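Data first, discussion second: the structure below is written as structure tokens.
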Amino acid sequence: MTAMAQDDETPAELSKGEKRLAKALEGRVAGTPENCILLSRVSSSTVYDDTAIVYKVGSTLYVNRPESGANYLDSRDVMVVRTSINRLCDVDTVQMRDQTGFMSGIVFLGEFVPYTKPEKEG
């Protein structure tokens, strides 16, 4: 039996969510992952279907690829977060609710990877 060489395999097509996320991160550089972000500094959040949640803090985009439950991420749904502190951390969960208020799933957050635009030299 012969093994198929890696070069012969066709790379999987990127999902719609992955494509949208890649476009949002164009020109940005990933930093060191962080365990938590301050909720009071988050100006917006965007759900990328089946992929990630992006939190905007100033000019930095924090990308959270869930440890589990990414399949419940739907940009049409509403995120519900319950936390007793003013931080969102990689141990927290996010409930996804459809537009009628019914829970559609639970997302277990992962690390928050900051993406920044590189400083221009000059």
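Only the coordinates and a few stated rules stand behind these numbers; no lab work does. These numbers come from a predicted model, not from an experiment. Virtual Cβ from ideal backbone geometry, glycine too; neighbours counted across all protein chains shown.
Potential lengthening of the chain between Ser43 and Asp92 amounts to 15.7 nm, from the contour at 0.36 nm per residue minus the alpha-carbon distance.
What FRET efficiency do you get for Lys19 and Asn71 if R0 is 22 Å and r is their Cβ-Cβ distance, rounded to the nearest 0.05? Provide the component values of the computation, followed by the final result.
Working: r = 17 Å, r/R0 = 0.77.
Calculated value: 0.85.
Candidates Pro33, Ser45, Gly17 compared by Cα position along the dipole of segment 9-48: farthest toward the positive end lies Ser45, with charges placed on Cβ. Ignoring aspartates and glutamates fewer than eight residues from Lys120 along the same chain, the ones with Cα atoms less than 20 angstrom from its Cα are Glu26. Residue separation of Met103 and Ile85 scaled by 0.36 nm, minus their Cα-Cα distance, works out to 4.2 nm of gained length. Net charge dipole, segment 16-116: roughly 320 debye, given to the nearest 20, about the Cα centre with Cβ charges of +1 for Lys and Arg and -1 for Asp and Glu. Straight-line cross-link partners of Lys23 among the lysines, defined as a Cα under 18 Å from its Cα and at least 8 positions apart when in the same chain: Lys56, Lys117. Which label belongs to the value computed from this structure, given these candidates for Cα Rg over 2.2 N^0.38 Å: (i) 1.28; (ii) 1.23; (iii) 1.08? The calculated read-out lines up with (ii).
Peptides 84-91, 97-104, 55-62 ranked from most to least packed, by the mean per-residue count of other Cβ atoms within 10 Å: 55-62, 84-91, 97-104. Once Lys and Arg get +1 and Asp and Glu get -1 on their Cβ, which of Phe102, Leu88, Val57 lies farthest toward the positive end of the dipole of segment 16-116? Checking the options against the dipole of segment 16-116, the answer is Val57.
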